[in-house]
Ligand SMILES: Cc1cc2nc3c(=O)[nH]c(=O)nc-3n(C[C@H](O)[C@H](O)[C@H](O)COP(=O)(O)OP(=O)(O)OC[C@H]3O[C@@H](n4cnc5c(N)ncnc54)[C@H](O)[C@@H]3O)c2cc1C
Ligand code: SF4
Ligand code: FES
């Protein structure tokens, strides 16, 4: 495949999706009964897609490695989900949501997809409320909103700090309804290990039953990959421990292009790394930045004294604090987008102003909010002459109502009381904007193979604004894919049942078994985690928050060496015919070791800075990202070619007809 | 610190299991309980032994995967805490810690500390949902205002993570707290009222079929629930069930 056809429909931006829906092929209800669809992944994207496809009448099989669909990684999302409802009357509209998302993504996403996302966002909220998702409400009984980084309106719907949980349980309940009706058949504790392609079309998957170790063949007329993101290539990240790239990567190995692998979102407000033993990093919701102020000491001596344990943050007077986000970005202040906030924190820490033992932390301070809220609260309660102390006490109660669970979580992990001392935070790997390349119909470069949610690359560009991943997952699953997949399946009604007794299935099963055997039979020097941690360090140090050509080249070499060592020397205990978590991890790390190298190659190839991709060679004198629209305004879609470093680059030129490409400024 | 771990090892559902001693050194107070288990497993692997299998995923206290009896208590000694959020600073140097899987007929052991909790899924599948089409043609979300107190109560019931600690804590292995939390969420919302009767009947029937025991109001479930799901939910479920019987 030489040219990437994005299949973006003709016509004005606002009419593209409606026109497209009017023109795509439909499948007659009686024929849907004869069509099978496999959905890999039961997070927001997979559950909503499977439920809707089941309801439309297709026969659906879902796969997930968790013991229940309800435990997919989506469950962990805290902050909220965006929608252009304009309930607050603060000037929101589909166009504004679209515009913020395009700008936030540093003009590296596809206009038509992003507009469609904004357009269907309102339906998501209606749908979820009808399903019984208990969003936060105001006293008048209407839905409440808050705002997130990178925007100036209040468009984020939430359910305390557990929005992802409630949205996923909503989608899971819709899925359960279809399971009860017999339209969806769930395969939990099953892992997809390969995609089966017959005559150029996706026709099924090879999966491993994680309890019995059995290798199974499953055929279908179409396969949807909704397997989430690959942030765990860094080992330490905010992702769930099981999140991995296997399903997407094996699909890539079978011919699907992998787009923009180097676009990684680093989230600015995570609990800093405390020691060697750490297995994952915990996010503190971005909503905290609505009320918290971020700072480091102005004087280096103060920072040094804090690191040595001789001085405490609370004892530094106001005039000696550097609220660097407010200083650098007066218009957005603490609410600048994630990439900007993360880089600014790194810049201060690199300059020697970090405030924990390792020098890799900044303060997130609620003192001003305690006072501000306390004053209002005291006045409302009629305490006209409340002392500062009383006001702070009242203010703490208000904050407790808003963010209590997050404060408790922070204390539990760090053993510090955030009501008394400022929180310490540092950026951590959070979300991957890259993924399988898809066209407007969410189809990959393999006909019949679709990708949804974080597993595809489409809507966020080089950076994702907060509260828009949940939106994208549900938009894809409930409202986009169920239409667009029909266009493909309309030509499949005469195909008949997909047999799994074909040479292609046999070959894929054989390949899978050989791979497992190879892993089980390696020499056995080091554990899987040993390799995963090594890879993570290479990724963080050389492909992390900032990158340069020399380091990226080194990273590619180091990863390829590590990969060779892994295949020769990894130790996988136990056997392949029972539950075996070491074997599961080994398969995933093997894929990360390939993806990591492609990641570095992609970053090396992109000689510009944009969004989450910051190349040190390309920055303004003030240290802001310097984009190169002339030469890099494209999606990098890589074609698999045995060795990741030999992957072939295909470019999808991005066309902007509705927005003007501007320097992203939040000043 | 130095610990003496006694861990339940069981190769499969049909094999007999036993407690095995594992001394472990170098445990740090900042580690989570699961990170402590990671170190043990790394040691076992380096010795060529088979590591201990346990379920875990988010490590943020929200997915409900991690589950183990720690010294006889589900998720260990700290209240309102999942195992992944329990930190080793809650233990002392030299402690002996016994670690076992959930024990309930309806939760058969898969391997070591992993049990099969799919019975919970089947209870939900029996009717734990609102029958609305996923078509995008639903009415505007603000068309039906909901009293804040009610919405909040529905939310708190909905925060159950499906971990099963309530079942493990109960001497009857009853699943009432879990089931009632789901039933409450929908019963409290106007959208869920229409199907309330069928829902409660179907879910209770399924719960009984799965082999969970009956509730004898001891309240151990609430004490051990990491999310603080309240006993009021059980009362509400009983009311809903009675209503259904009268109507039905
Ligand atoms: C701590 C945290 C907070 C967040 N907060 C927010 C927020 O406030 N707002 C927001 O918009 N976004 C947020 N995000 C991002 C958002 O949660 C994710 O991007 C989104 O949920 C991804 O959904 P998904 O359906 O694409 O994939 P996931 O939820 O990751 O689901 C992946 C599914 O695929 C399955 N799977 C994977 N590989 C295989 C395989 N090989 N075989 C079988 N099954 C497989 C898994 O079992 C799982 O079911 C947050 C993320 C984190 C980590
Ligand atoms: S009610 Fe509590 S203990 Fe029981 S499953 Fe839900 S969260 Fe776990
Ligand atoms: S691992 Fe998710 S709740 Fe403990």
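Tabulated values for the structure
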{"read-out": "Cα-based Kirkwood hydrodynamic radius, region A:179-323, one decimal, Å", "value": "20.0"}
{"read-out": "Region A:582-620 versus region A:545-580: alpha-carbon centroid distance in Å", "value": "13"}
{"read-out": "Debye log10 I(q)/I(0) for region A:405-519, one point scatterer per Cα, at q = 0.12, 0.17, 0.23 Å⁻¹", "value": "-0.74, -0.99, -1.18"}
{"read-out": "For region A:311-378 versus region A:71-129, the gap between their alpha-carbon centres in whole angstrom", "value": "28"}
{"read-out": "Cβ crowding within 10 Å averaged over residues, with A:34-45, A:242-253, B:142-153 ranked highest first", "value": "A:34-45, A:242-253, B:142-153"}
{"read-out": "Ranked by how many other beta carbons lie within 10 Å on average, peptides B:206-216, A:343-353, A:457-467 from highest", "value": "A:457-467, A:343-353, B:206-216"}
{"read-out": "Distance histogram for region B:3-100 (every C-alpha pair counted, 10 angstrom bins, percent rounded to whole numbers)", "value": "15, 50, 31, 3"}
{"read-out": "Along principal axes, Cα extents of region A:268-429, largest first, whole Å", "value": "50, 34, 34"}
{"read-out": "Cβ neighbours within 10 Å from other chains - mean over A:160-168", "value": "3"}
{"read-out": "Sorted peptide list for A:64-77, A:296-309, criterion being average Cβ within 10 angstrom, highest first", "value": "A:64-77, A:296-309"}
{"read-out": "Mean projected area (nm²) of the alpha-carbon convex hull when region A:517-653 is viewed from all directions", "value": "9.4"}
{"read-out": "Percent RCO, i.e. relative contact order, over region A:420-526, from Cα pairs under 8 Å lying at least 6 residues apart", "value": "19"}
{"read-out": "Mean shadow area of region B:118-247 over all directions, Cα convex hull, nm²", "value": "8.3"}
{"read-out": "Relative contact order of chain B, pairs being alpha-carbon contacts under 8 Å that are 6 or more residues apart, as %", "value": "20"}
{"read-out": "Estimated inter-spin distance, residue B:223 and residue B:14, nm [label 7 Å along Cα→Cβ]", "value": "3.8"}
{"read-out": "Neighbouring partner chain Cβ atoms per residue of A:175-185, average, 10 Å criterion", "value": "4"}
{"read-out": "Label-zone membership for region A:651-667, site residue A:95, 7 angstrom Cα→C-beta point, backbone N under 16 Å", "value": "A:657-661"}
{"read-out": "Projected area, mean over directions - region B:1-58, Cα convex hull, nm²", "value": "4.7"}
{"read-out": "Region A:442-515 versus region B:186-201: alpha-carbon centroid distance in Å", "value": "35"}
{"read-out": "Alpha carbon convex hull of chain B, volume per residue in cubic angstrom", "value": "151"}
{"read-out": "Globularity ratio of region B:66-175, using Cα Rg and 2.2 N^0.38 Å", "value": "1.44"}
{"read-out": "Test item: A:140-148 mean partner chain Cβ contacts at 10 Å", "value": "3"}
{"read-out": "Stokes-Einstein D (µm²/s) once Rh is taken as the Kirkwood radius of the protein assembly as shown over alpha-carbon pairs, at 10 °C in 1.306 mPa s", "value": "57"}
{"read-out": "Global size of region A:345-453 as Cα Rg and Dmax, reported in angstrom", "value": "22.0, 71"}
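No lab work stands behind these numbers, since they all come straight from the coordinates. Source: prediction; values computed, not measured. Reconstructed Cβ throughout: ideal geometry from the backbone, glycine too, with neighbour counts over all protein chains shown.
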